[in-house]
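Peer 1: First the structure, then my questions, so here it is.
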Amino acid sequence: MGTTAKTAFGVEGMSCANCVGRVERALRKIPGVAEAHVNLATSRADVRFDPGQIDEVGLFAGVKAAGYGAVPWRQGGEAGGHHARELAGELTLSLVFAIPLLLLSMLPMAVPPLHMALMRLNPNEGFWNLIQMGLATPVMFGPGRRFLKHGWRALRDRSPDMNTLVALGTWSAYLSSAAVALAPNAFPPAARHAYFEAAAVVIALVLLGRWLEAKAKGRGAAAIGRLLDLRPATARLLRRGKEVEVEVAGVLPGDELSVRPGDRIPVDGSVLSGESRVDESMLTGEAMPKAKRPGDRVTGGTLNADGQFTFRADAVGADTALARIIALVEEAQGTRPPIQDLADKVVAVFTPAVLLIALVTFAAWMFLAPSPAFPAALLHAVAVLVIACPCAMGLATPAALLAGTGRAAELGAVVRDGAALQALAEARRMALDKTGTLTLGNPQVTEFAVAAGWPEDKVLALAAGLEARSAHPLAKALVAYAGTRGVAPAVPMAFVSRAGLGVQGEIAGHAVVVGSPRMLAEVGAEPEGLGDRGLVVAAAAATAGAGVVWIAVDGKCVGLAVIADPVKPEAREAVAALRKLGLELAILTGDHAGPAHAAGQAVGIADVRFALMPADKAEVMQAWRSEGKTAFVGDGLNDAPALAAADAGLAMAGGSDLALASGDILLLSPDLRSLPRVTALARAVMRTIRLNLVWAFGYNALLIPVAAGAAIPLGWELNPVLAGGAMGLSSLLVLLNSLRLKRFQPPI
């Protein structure tokens, strides 16, 4: 196969796992299709194909030939919207006829005076059978045709599904009852029973269950809808100095836009002028607005708080961060975790087995029940067919995955792969990169000391004055520290930078040197002049692997600045929460031993491995995988191999493009507390899937024998009407259990 392309589209008319399998098989049979995956919960098909052999029109035709509808996919949209409205119409029609039919057939048995009144009106039971047939016929030849059409096609393709079960059960009941109503003399008096209400009410109940499923699917995808709502419809475009309101779709890269207080930022871009604070909680989960100044990046969909600014559009349409997040969430909802394989294997043999059980049930009642046996045999066979509809099995995994990935997006994590979510839930070991993951990722002054008799602000102003002329990362850290202290850098009269040593110059009549001990020694300044405290601070910094910048004024050592990459303030809390979840933690870093062990001690991780090359990190993860599921958290270019090698790779916000591409789960906030949050959520999703599967399998295992009549000695009997209600309730319970994930509360 040559070059392949990918496409996604909606599939209408699916109701169970067998439907999914049929659509997938139909797509995979098409020449040129390399891969096809269909998701029941989202009604979405993802197909990889050779555009030289087939196009989207051909794919749509293949789906329609299998008996289902195919519609273009709209980002954030639900393909089943039209299907849900169609179901609502059919359900209404069914209820209009099924409710009076049920009352006419059942109420007289419960209220003897009503039965007597009907008999006085017309004592001929055949007359009432014809009335019931008149009420049931519009249901069977209207909404009931749905099950007959799909069920027959599935049976013809040797892959019977729940439509086959419903069609066989309801049409058997209807046709046998119609025979009794139209030719009663062909049956012995004891066998002249009609079950029109069973056929019509089961159709109505199954349609009610499917309609509720369609509504629940919509609620399960609400997170994507809320993300879509964050996109403003219009933007204020600057043209020749004037604001012009245009549709966001009309904004092009390079356009200049204006944002006022309270506006949502329309597209991604860079601030050109003005200052403000922007609420980025939808992207990062952080509650505090973030300051934005010229040169800072802004993201479409975030909320401008209190200032006004202009910015240049850098990414628009599908290239914006918000659009990519939505696309990733939808892609994750379409993936299949390994646990889905269990459900698929069971469903593949389930329907043929049910058909066999129904035949055995019918035969057993015909041969073992007292005469006339036919009504009882038919009743129990129909009940088996109806109760066995495998809706709940087909929805158990995708419904939970849909709700879980949606909740993850609300918590600031984009899950790209359902298998990774399962791997994270089952992981017992997690390794973390140090720089940029556990630490802030940029050097900062952690301690500043001066000699006795020297004002700290004066020494800092002199040092920052020289360092402001340097581009070295340590120089930038010192200047930034002065800014946080409110100290303005002094203006140097002369400035010289010496590579690898430091800087020197003249400020306010003083000869100032900022750099290494070797540079200070050249001007006769000795570190010992700083006193015992300074030497203790320097020794502790050297042990921790931190950098030390010395400051000399007029040939005397008067101060030092310890510069390090500090751990994030929330790191220790996050590590403690991960440990409470039972994870074994380790640090894998390319840094030296001193900084690595200092970071491990600061956050409470004893297993520290340092001086690792990217391939070394990947080898550690591969070795761990032989002992169980693993997870790796990183943000740098050198973390990409380890992210790919781990069972679950978690890429931190702000990381390199390669790291983000290699990660299975993207953490949109640099806050490390997102790690225990998404890990706890992954475990909640897997618990929900397992509970769904236990319920779906257990429900059928328990109620199929009851429907067949095995529990009659205990006083339990399940007729087709009750079976239809129980089947719909089973699917609804699976969906409601999955939707509980929308209310998941993280541990911290």
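Peer 1: Accessible area of the stretch 1-73 with a 1.4 Å probe: how many percent of it is carbon plus sulfur? List each step's numbers first, then the result.
Peer 2: On the way: 1530 of 2840 Å².
Solvent-exposed carbon and sulfur of the stretch 1-73 make up 54 percent of the total.
Peer 1: Once the stretch 439-596 is represented by equal point scatterers at the alpha-carbon sites, with solvent omitted, what log10 I(q)/I(0) does the Debye formula produce at q = 0.10, 0.12, 0.18 Å⁻¹?
Peer 2: Results for the stretch 439-596 at q = 0.10, 0.12, 0.18 Å⁻¹ read -0.40, -0.54, -1.05.
Peer 1: Can you tell me the equivalent ellipsoid semi-axes for the stretch 354-483? Use √(5λ) from the Cα gyration tensor, largest first, whole Å.
Peer 2: On the way: eigenvalues 1254, 29, 24 Å².
So the equivalent ellipsoid measures 79, 12, 11 Å along its semi-axes.
Peer 1: Have a look at the stretch 401-462 and give its Rg and Dmax from the Cα atoms, expressed in angstrom.
Peer 2: According to the Cα coordinates of the stretch 401-462, Rg and Dmax are 22.6, 66 Å.
Peer 1: Shifting gears a bit: Of the peptides 90-97, 537-544, 593-600, how do they stack up when ordered by the mean number of other Cβ atoms within 10 Å, highest first?
Peer 2: Details: 90-97: 19.1, 537-544: 15.9, 593-600: 20.9.
Highest to lowest by the protection proxy: 593-600, 90-97, 537-544.
Peer 1: I've got another one for you. Expressed as a fraction of 2.2 N^0.38 Å, the rule-of-thumb size for a compact globular protein of N residues, what is the C-alpha radius of gyration of the stretch 541-591? Intermediate values should be presented prior to the final figure.
Peer 2: Numbers: Rg = 17.7 Å, N = 51, 2.2 N^0.38 = 9.8 Å.
Compactness ratio reported: 1.81.
Peer 1: Give LYS6/LYS149; LYS292/LYS476; LYS434/LYS629 a once-over and call out the pairs whose C-alpha atoms are over 23 Å from each other. Please report the intermediate quantities before stating the final value.
Peer 2: Values: LYS6/LYS149 31 Å; LYS292/LYS476 20 Å; LYS434/LYS629 21 Å.
Distance filter (> 23 Å) returns LYS6/LYS149.
Peer 1: Average the reciprocal distances over every distinct pair of alpha-carbons in the stretch 560-714, invert the result, and give the Kirkwood radius in Å.
Peer 2: Values: mean 1/r = 0.0555 Å⁻¹.
One over the average 1/r among Cα pairs gives 18.0 Å for the stretch 560-714.
The values are calculated or read from the model by the stated rules, or taken from the named source; none is laboratory data. Computed from a predicted model, the values in this text were never measured in an experiment. Cβ coordinates were reconstructed from backbone atoms using ideal geometry, including for glycine residues, and neighbour counts include every protein chain displayed. What goes into the accessible areas is simple: the full protein's heavy atoms, side chains included, and nothing from ligands, DNA or RNA. Shrake-Rupley method; radii C 1.70, N 1.55, O 1.52, S 1.80 Å.
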